[in-house]
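Read through the structure below, which is laid out as structure tokens, and then see the notes.
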Amino acid sequence: MKTKKMCCVLLISLWLLMLAGCGMIDNLQNAEYHGGPFENNLESARACLLAQLQEKYGIEFSVVGKEKLNNYGPFHGATYSCEAAPVKNPEQVATALISQTDYQEVRDDYAVYYFKEEAEAPVLALCGTKDYVIDQRISLEMPGTEKTWTAEDGLERFLFESGAYVKLVLRFTDDLDAETYAEYLYDFLNSIDRLECHLLLQAKANKIYIFHEELPLLDGFDASRYSVENLKQGIETDLSMGAPQ
């Protein structure tokens, strides 16, 4: 009887400790970091990020979407991210991020707009030579960076040093067989050596992505690793899964 009573007391004590621990964790997560370039609220974070973007690029920016402020506690502090664009060119939307600790200098991808047309033009020209490409989406992308890129840096240096790549989505005619799609892709992959950029290549048919690969063209890409047969096998698998609902 005494043993049972002791066990009950022990279980209750453990339960109370667990509740206290949960409360401590919640309190820790909700606690604020003291210091950093902005206070833990949207207005302060927004003002800080926009001021840094203006200083970085010499033009005024505004927040245009996807605004988010997350608090990671007293050690890592808050992180603020958003979509921002120049006030005078609101179509030039960039992603931007700043934090109270790790990323006190704004990280963004706005620099793609200095090189976008020049980088995308050769990719668009290549697509125009392929009758089987019925449509394409092309966009120059880059990871967010603290570095300040300018147009004077030049396209070649930007593509080699920034981590930038061109994202290309090819659209093929629907309802063809897997071997035909494989032949299209084989031909395209053996034509991209003329491009001087890293490429994220996707191909789509029947509302299904039948190819998705990062192709490091600036690092010695070798198209010989592809064959119509191995491309066909991958496409058959993708087509068998059907379009996402």
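The values are calculated or read from the model by the stated rules, or taken from the named source; none is laboratory data. Everything numeric here is computed off the predicted structure, so don't read it as measured data. Cβ: placed from backbone, ideal geometry, glycine included. Neighbour counts: every protein chain shown. Calculation scope for accessible area: heavy atoms of the full protein, side chains included, ligands and nucleic acids excluded. Shrake-Rupley method; radii C 1.70, N 1.55, O 1.52, S 1.80 Å.
What is the range 116-179 by shape, rounded, prolate or oblate, if you read a ≥ b ≥ c off the alpha carbon gyration tensor as root eigenvalues and call it rounded for a/c under 1.5, prolate for a/b larger than b/c, and oblate otherwise? Working shown, then result.
On the way: a/c = 3.84, a/b = 2.42, b/c = 1.58.
Here the range 116-179 falls in the prolate category.
When the alpha-carbon atoms of the chain are used, the pair Rg, Dmax equals 25.8, 88 angstrom.
Quick one: dipole size for the range 68-188, taken about the Cα centre, charges +1 on Lys/Arg Cβ and -1 on Asp/Glu Cβ, in debye to the nearest 20.
On the way: 10 positive and 23 negative charges, 120 e Å.
The dipole of the range 68-188 has a size of about 580 debye.
Residues 66, 167 ordered from highest to lowest accessible area at a 1.4 Å probe: 66, 167. On the basis of the beta-carbon distance and an R0 of 35 Å, residue 42 and residue 208 show a calculated FRET efficiency of 0.30.
Between the range 79-102 and the range 111-129, the alpha-carbon centres lie 24 Å apart. Solvent-accessible area assigned to carbon and sulfur over the range 90-228 amounts to 44 percent, based on a 1.4 Å probe.
Remark on residue 104: its backbone amide H falls under 5 Å from those of 99, a criterion applied only to residues 5 or more positions apart or on other chains, H modelled at 1.01 Å from N. With the helix formula -39500 (n - 2.57) applied to DSSP H stretches of n ≥ 4, the chain reaches a computed 222 nm mean residue ellipticity of -13000 deg cm²/dmol. Please determine, in degrees from 0 to 90 and to the nearest 10, the orientation of helix 228-241 with respect to the longest principal axis defined by the Cα atoms of the chain, where the helix direction is its Cα long axis. Approximately 50 degrees, to the nearest 10.
Solvent exposure of the chain amounts to 60 Å² per residue of accessible area, where only protein heavy atoms count and the probe is 1.4 Å.
In the range 121-245, Rg over Rh equals 1.01, where Rg is the alpha-carbon radius of gyration and Rh the Kirkwood radius from pairwise Cα distances. What's the angle, to the nearest 10 degrees (0 to 90), between helix 42-57's Cα axis and the longest principal axis of the chain? Result, in degrees: 40.
Please give the helix 178-189 orientation as an angle from the longest Cα principal axis of the chain, in degrees from 0 to 90, rounded to the nearest 10. So the inclination is approximately 90 degrees.
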